[in-house]
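Input: a single structure, listed below in structure tokens.
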Amino acid sequence: MIRSPRHWWLRRSLRFRITLLAVTITLAFLIGLAALAGKLLGPLLVQSVDEELREALVPASQEVSQGYHPPERSMRVPVRVLDTAGTPVDGGGPTGLDAGEIGDLKAGLAVRDKEQDGPHWRWLGEVVTAPDGYQRLVVAGAPMVGFRSAVVDGSRWLLMVALVAAIVAAAATWAGVGSALRPVERMRRSVRGLPPGGRLPLPEAQDELRSLAAEFNTLLARQEEVSERLRRFTGDAAHELRSPVASIRVQAEVAVANPDPELSQETLADVLDEAERLSTLLDGLLALARSDAGELPAAEPVDLVTEAHAAVGRLPPEAPAARVSAAVPSAWAMATHAEVELVLNNLLRNARRYAEAQIVVSVLASRSQVRVVVDDDGPGIAPEHREHVFDRFYRVADDRARESGGTGLGLAMVAEAARRRGGRVLVGESPDGGARFQVIWPANRS
């Protein structure tokens, strides 16, 4: 099976990948630097020769212009005196320079002769006027012995240095990355051996590994919280489901054991009530499960005044009198129709259970938020219960809630629906002495 280079690359360890990447970059940079230095090595050597020639040529030209003939010879650089045609006038032999090279020297250009039977010479010249009025060409020359081999050997040594430096960089990177990843390996072993409820020890250094360990501990805490909530939710749901199911079973057994039509009718009515309670409970559990799973439909503008009137209109005839008090003709909140309907239905159902004669639904609006307030004139909620009424399966009066069909999920769903849209739910005391529930949504600003 042929694997792609990317697949091969991803199967390598992080240490190997970092080292290979660092060595490749280092080697490419050093080879490029060596190649550039090799190209510059020849001109640098020629430039150094020209500087030595110029150091010998300047005093020699001064001597010729003052009448010293021939000039004093330099110990390192030979100096010759020629006429403007290139003929030696210092008593020495021919220089081997042709007419073109003589012309370049008179123009102040450095030249290298074309003799092939020996080493090349580098020449530098200057035209001066002698005291007799004749012009002289003073030239200084030096053999370029070993020039070619110096350039070749220098380039070769630069490449060897680049390779050695790349090997050193590979070893240093391998060791450095291994040292940097050693705490990660210890952290991995610690994670594998963590007991339930355990946490990773935080490194002493204030670096990325400490932040990683802290974030992982936070993730563990959230995971344990979710697991605990799921365990508690499952246990509470099983407990809540057991009650209506057991009641339906008992009533069905009574109806089977007693074929009296009147008793059977009463039993069927009780079974229907328990079935409705069971259906409501299952709907609430399903809604909370979807919320916990993160299912959140897109928000849209919803008119809370219209929804409040519709919710009041859905109350049964035997419910206490309910009315809507709106300070504005419309109040648009960012939510969904289903969420607003769920919130209003549960708040009115809760108010209907405990209200004595009146329920008031008020809708208030500002530039940033929209508020729905539901007041009843019932017994209210004691302060010690107010911070728990939105917990799942929490009941202020358990027996009374069961008799009225309560499941302990309605207010929890109200709080969850508001929270998912960036809102909140408050509970307090109404002006009539009953309970006051306030649901706040972000306003639609478009």
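A few comments on the model shown:
- For the stretch 187-211, filtered to residues that are closer than 30 Å to Thr26 by Cα and not in a loop (DSSP other than H, G, I, E, B), the residue that is least open to solvent (accessible area, probe 1.4 Å) is Leu209.
- Number of positions in the stretch 343-367 that are open to solvent by 50 Å² or more (accessible area, probe 1.4 Å) and more than 11 Å from Gly434 (Cβ to Cβ): 7
- Conditions (1) under 27 Å from His337 (Cα atoms); (2) surrounded by fewer than 20 Cβ atoms within 10 Å (Cβ to Cβ); (3) at pLDDT 85 or above; number of the one not met by Arg436: (2)
- Residue that is open to solvent by 40 Å² or more (accessible area, probe 1.4 Å), in a loop (DSSP other than H, G, I, E, B) and modelled with pLDDT under 85, where the choices are Gly92, Gly133: Gly133
- Considering residues of the stretch 149-170 that are modelled with pLDDT of 80 or more and open to solvent by less than 60 Å² (accessible area, probe 1.4 Å) only, the residue farthest from Leu45 (Cα to Cα): Ala170
- Subset of the stretch 233-263 [among the small types (Gly, Ala, Ser), over 24 Å from Tyr394 (Cβ atoms) and either modelled with pLDDT under 70 or surrounded by 17 or more Cβ atoms within 10 Å (Cβ to Cβ) (or both)]: Ala255
- Within the stretch 158-195, the set of residues being in contact with a Pro (Cβ under 8 Å, 6 or more places away or on another chain) and not hydroxyl-bearing (Ser, Thr, Tyr) comprises Pro183 only.
- Residue match in the stretch 407-421 (condition: at pLDDT below 75 and more than 14 Å from Val343 (Cβ to Cβ)): yes
The values are calculated or read from the model by the stated rules, or taken from the named source; none is laboratory data. Please read these numbers as outputs of a predicted model, since none were measured by experiment. Counting neighbours? That spans all protein chains shown, and the Cβs are built from the backbone with ideal geometry, glycine included. To get the accessible areas, we keep the full protein, side chains included, count just its heavy atoms, and leave off ligands, DNA and RNA. Shrake-Rupley method; radii C 1.70, N 1.55, O 1.52, S 1.80 Å.
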